[in-house]
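> First the structure, then my questions, so here it is.
The values are calculated or read from the model by the stated rules, or taken from the named source; none is laboratory data. What you are looking at is a predicted structure, and each value in this text was computed from that prediction instead of being measured. Cβ placement follows ideal geometry from the backbone for every residue including glycine, while neighbour counts extend to all protein chains displayed. Please note that ligands, DNA and RNA were not included when accessible areas were found on the heavy atoms of the full protein model with its side chains. Shrake-Rupley method; radii C 1.70, N 1.55, O 1.52, S 1.80 Å.
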Amino acid sequence: MSDVRYPFTAIVGMADLRLGLLLNAVSPAVGGVLVRGEKGTAKSTMVRALAGLLPSIATVDGCRFACDPAAPDPQCPDGAHDGGASSRRPAELVELPVGVSEDRIVGSLDLERALAEGVKAYEPGLLARAHRGVLYIDEVNLLQDHVVDLLLDAAAMGRSYVEREGVSVRHAARFLLVGTMNPEEGELRPQLLDRFGLTVEIAATREPAERAEVVRRRLGYDADPTAFAARFAGDERALAARITAARELLPQVELTDTALRQITAVCAAFEVDGLRADIVMARTAVALAAWAGRTEVLAEDVRKAAQLALPHRRRRNPFDAPGLDEEQLDRVLEEHAQQEPEPEPEPEPATAEGPQDDPDPDGDTDPDGGGPRDGGPDGDGGGGAPEPSGPDGPPPAAADPAAGEDAAPQPVPAQHPSPARESAPVAAGDPYRTRLFAVDGTGRGAQGRRSPAETDGGHTVRARRPRGRLARLHLSATLRAAAPHQVARGRSSRALVLHKDDFREQVRQGRESNLVLFVVDASGSMAARQRMTAVKGAVLSLLMDAYQRRDKIGMITFRGASAELALPPTSSVEVGAARLESLPTGGRTPLAAGLLRAHEVLRVERMRDPDRRPLLVVVTDGRATGGRTAVTESHRAAGLLAAQGVASVVLDCESGPVRLGLAGALAARLRATSVALDELRSDGVASLVRENRPSGANRPSTTNRPSTTASRKAA
């Protein structure tokens with residue numbers, strides 16, 4: 001790979017991403033950029049190219065934390081830097097790998113040296129390197145939550161804190177934060193999305209000519225990077241000079257009362273949570289004005305700032321896609337831009353001078369006074385013109401609820417599903433908080449919020465000899481291991497005499513994420529409209545629970561003659577919700593095919609990620625088309641899953657006054673917990689429902705028996 005970076009000005013298209021990055025280069029206080037887009041759209045190329053445009057920085061010689069000699073950090077671990085020598089260097093681009101550990105980010109204390117030599121030694125991390133430069137996080141949505149929290153806290157406060165083993169270190173960490181992600185691989189939590197100042201959605205152009213130019217330039221760069229970069233050197237210098245000029249102009253830009261009122265009105269109209277959006281919009285609008293060479297913020301700056309700062313802050317639940325209503329934005333901006341002259345005519349209602357105050361030269365005459373009055377209604381009539389259409393709109397809206405009430409009993413296929421017929425998809429019911437289903441035992445999977453596991457986070461439960469490189473020293477256990485041997489080792493100073501065998505590491509227990517595989521019955525027996533709405537609402541609630549617990553999810557549906565892998569295992573719960581929403585129902589009930597397909601999917605996933613334990617959720621009424629033979633085959637398939645130690649839950653969807661208990665029988669074959677549909681809510685549930693840790697002898701634990709029995713009685 002060439003050391004010559006691809007020029008920023010050579011990238012084709014992607015105007016919003018280009019602008020978002022440049023605004024943060026002008027004003028890092030904006031808070032960084034989150035780039036959301038499909039793979040292969042040059043996200044990483046553009047971020048790396050930006051670093052070459054940033055002005056060089058002056059640093060104190062010998063300082064590992066890039067202190068500015070004009071304003072050194074008084075808390076710098078390397079000293080106060082009074083009058084030290086300095087030099088200039090380019091702003092640094094620090095790339096954060098996906099598997100990075102907390103120690104690598106914030107730095108690590110060399111405790112082995114501290115114990116052996118009696119000195120405190122601190123090794124700076126990536127946050128120290130990124131100070132006054134660019135911190136680039138590729139695939140930020142794949143990082144563990146506590147790592148993302150740590151990064152965003154440092155970005156917000158401009159300072160990194162290290163507190164461990166009785167040693168406290170803090171240093172400046174101000175950087176331009178850029179994160180990229182592919183939404184297909186999973187979303188960030190709304191709390192983390194809010195910490196990014198701006199967000200940009202990008203996609204590859206569909207214009208053949210533009211795509212051809214992208215390919216042509218890339219091939220030219222690959223053939224001769226130096227010559228290609230030289231072609232754009234002049235444009236690069238001009239753009240770098242413009243960034244420097246905008247930075248110098250930034251303190252002179254005025255945020256007028258009108259612009260500030262528009263910003264706050266837009267944030268209120270779009271119902272964003274908190275006030276961070278208002279602050280980010282204000283900073284972005286100021287940066288936009290400086291970038292345009294102006295000293296006053298205009299309405300166009302506020303509009304563009306809203307397009308960059310608000311879409312990712314409007315998500316009301318995990319399944320909402322980021323977005324912004326452009327018409328509503330224009331309407332709010334126009335309304336509040338016109339409010340400024342309104343305080344002047346305030347005396348008009350109190351006196352008869354209102355018409356006379358009109359700038360119309362004939363304002364003295366009553367007829368002209370009537371003219372404006374006609375114009376007033378015209379303005380109102382313009383507002384009143386939509387009112388007739390407004391009433392036209394409400395009648396359908398008013399009729400919709402009635403239609404909605406009639407819609408449930410109205411469709412014949414929904415009420416009387418035919419085995420050979422397919423019913424149109426129905427909407428899911430409102431999601432709710434569900435009971436916690438967890439895999440029993442202690443796993444070692446990726447950190448999450450579902451099942452007990454040994455993790456990098458969590459609380460320390462014991463000490464053990466290190467397995468590989470020492471990562472988390474257990475100080476007291478190490479001292480206890482070394483203390484009995486000090487006399488024999490001839491200790492003669494304050495420092496302990498330590499051998500490699502003395503060191504002990506912490507074992508921490510937290511929670512892991514799991515693979516939650518849904519097997520959903522979409523056959524004709526589930527096709528009654530009200531019933532399927534409730535079932536989809538339950539599955540949607542479990543999907544939301546999986547999102548909050550950072551699980552991977554997959555979905556198998558069975559209907560007709562076979563089972564289909566509707567959603568391969570993924571971290572994108574939003575895709576699962578979309579597939580559920582469009583799920584049709586109807587046809588026969590091949591229950592055994594659904595369970596066998598689940599067995600195959602779990603077998604493949606176990607080879608791909610052996611540390612991630614599965615949790616199987618079967619959503620069915622237990623019916624199987626084909627008589628006793630079909631039931632026997634489904635029970636045989638269930639026994640196969642139970643023999644593999646798969647932790648399972650059966651969501652019993654059977655309803656009506658007469659129930660056959662087929663789902664309960666299936667749960668017994670799976671060695672699973674059976675939960676009736678109306679018992680899924682967490683309201684009033686005091687205990688957690690757990691399944692056995694996957695093993696060869698996976699039997700329901702004692703604590704699960706009452707829940708399972710109660711569910712079967714209810715069924």
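> Given (1) out of contact with any Lys or Arg (no Cβ under 9 Å at 6 or more places or on another chain); (2) in a strand (DSSP E or B), where does Ala534 come up short, assuming only one miss?
Here Ala534 clears every test but (2).
> Leu255: under 22 Å from Leu21 (Cα atoms), at pLDDT below 95 and open to solvent by less than 50 Å² (accessible area, probe 1.4 Å), yes or no?
On the way: under 22 Å from Leu21 (Cα atoms): yes; at pLDDT below 95: yes; open to solvent by less than 50 Å² (accessible area, probe 1.4 Å): no.
So Leu255 fails the test.
> Would you tally the residues in the stretch 451-484 being open to solvent by 80 Å² or more (accessible area, probe 1.4 Å) and either part of a helix (DSSP H, G or I) or basic (Lys, Arg) (or both)?
Of the residues in the stretch 451-484, 6 are open to solvent by 80 Å² or more (accessible area, probe 1.4 Å) and either part of a helix (DSSP H, G or I) or basic (Lys, Arg) (or both).
> Answer with yes or no whether Ala488 is of a type in the set (Gly, Ala, Ser) and part of a loop (DSSP other than H, G, I, E, B). Working first, answer last.
Values: of a type in the set (Gly, Ala, Ser): yes; part of a loop (DSSP other than H, G, I, E, B): yes.
Yes, satisfied.
> Strands (runs of 3 or more DSSP E) wholly in the stretch 16-112 with at least 2 residues that are under 23 Å from Arg237 (Cα atoms) - which ones?
Working: elements: 33-37, 57-60, 86-89, 93-96.
In the stretch 16-112, the matching strands (runs of 3 or more DSSP E) lie at 57-60, 86-89, 93-96.
> Which residues, taken from the stretch 251-273, are over 17 Å from Val302 (Cβ atoms), in contact (Cβ under 8 Å) with a residue 40 or more places away in the chain and either of a type outside the set (S, T, N, Q) or assigned to a loop (DSSP other than H, G, I, E, B) (or both)? Steps first, answer last, please.
Here is the first cut: in the stretch 251-273, the ones over 17 Å from Val302 (Cβ atoms) are 251-252, 271, 273.
Checking the rest, the ones that are also in contact (Cβ under 8 Å) with a residue 40 or more places away in the chain come to 252, 271, 273.
Passing the criteria: Glu271, Asp273.
> Please find, among Ser86, Ser27, the residue that is over 30 Å from Glu207 (Cβ atoms), among the hydroxyl-bearing types (Ser, Thr, Tyr) and either out of contact with any Lys or Arg (no Cβ under 8 Å at 6 or more places or on another chain) or modelled with pLDDT under 80 (or both).
On the way: Ser27 fails: either out of contact with any Lys or Arg (no Cβ under 8 Å at 6 or more places or on another chain) or modelled with pLDDT under 80 (or both).
Of the residues listed, the single one that is over 30 Å from Glu207 (Cβ atoms), among the hydroxyl-bearing types (Ser, Thr, Tyr) and either out of contact with any Lys or Arg (no Cβ under 8 Å at 6 or more places or on another chain) or modelled with pLDDT under 80 (or both) is Ser86.
> Can you tell me which residue within the stretch 579-604, out of those that are among the β-branched types (Val, Ile, Thr) and either in contact with a Gly (Cβ under 8 Å, 6 or more places away or on another chain) or not in a helix (DSSP H, G or I) (or both), is modelled with the highest pLDDT?
Step one: list which residues in the stretch 579-604 are among the β-branched types (Val, Ile, Thr), which gives 585, 589, 601, 604.
Subset that is either in contact with a Gly (Cβ under 8 Å, 6 or more places away or on another chain) or not in a helix (DSSP H, G or I) (or both): 585, 589, 601.
Values: Thr585: 79, Thr589: 87, Val601: 95.
Once the filter is applied, the top-ranked residue is Val601.
> Looking only at helices (runs of 4 or more DSSP H) that fall completely inside the stretch 123-218, which ones have 2 or more residues that are among the small types (Gly, Ala, Ser) and crowded, with 17+ Cβ neighbours inside 10 Å?
Numbers: elements: 126-130, 145-157, 190-193.
It comes to 126-130, 145-157.
> Here is a further query. Mind listing whichever residues of the stretch 503-548 are of a type in the set (D, E, K, R) and buried (at least 19 other Cβ atoms within 10 Å of the Cβ)? Write out each step before concluding.
At the first step, the residues of the stretch 503-548 found to be of a type in the set (D, E, K, R) are 504-505, 508, 511-512, 521, 529, 531, 536, 545.
Passing the criteria: Arg504, Glu505, Arg511, Glu512, Asp521, Arg529, Arg531, Lys536, Asp545.
> Would you check which residues across the stretch 509-520 are modelled with pLDDT under 90 and out of contact with any Asp or Glu (no Cβ under 7 Å at 6 or more places or on another chain) and list them?
Of everything in the stretch 509-520, those that are modelled with pLDDT under 90 and out of contact with any Asp or Glu (no Cβ under 7 Å at 6 or more places or on another chain) turn out to be Gly510, Arg511, Glu512.
> Right, something else. Got a number for residues in the stretch 514-544 being closer than 19 Å to Ala598 by Cα and of a type outside the set (A, V, I, L, M, F, W, C)?
Number satisfying all stated conditions: 3.
> Based on what the data block shows, is Ala598 open to solvent by less than 20 Å² (accessible area, probe 1.4 Å) and farther than 23 Å from Ala642 by Cα?
On the way: open to solvent by less than 20 Å² (accessible area, probe 1.4 Å): yes; farther than 23 Å from Ala642 by Cα: no.
The answer is no for Ala598.
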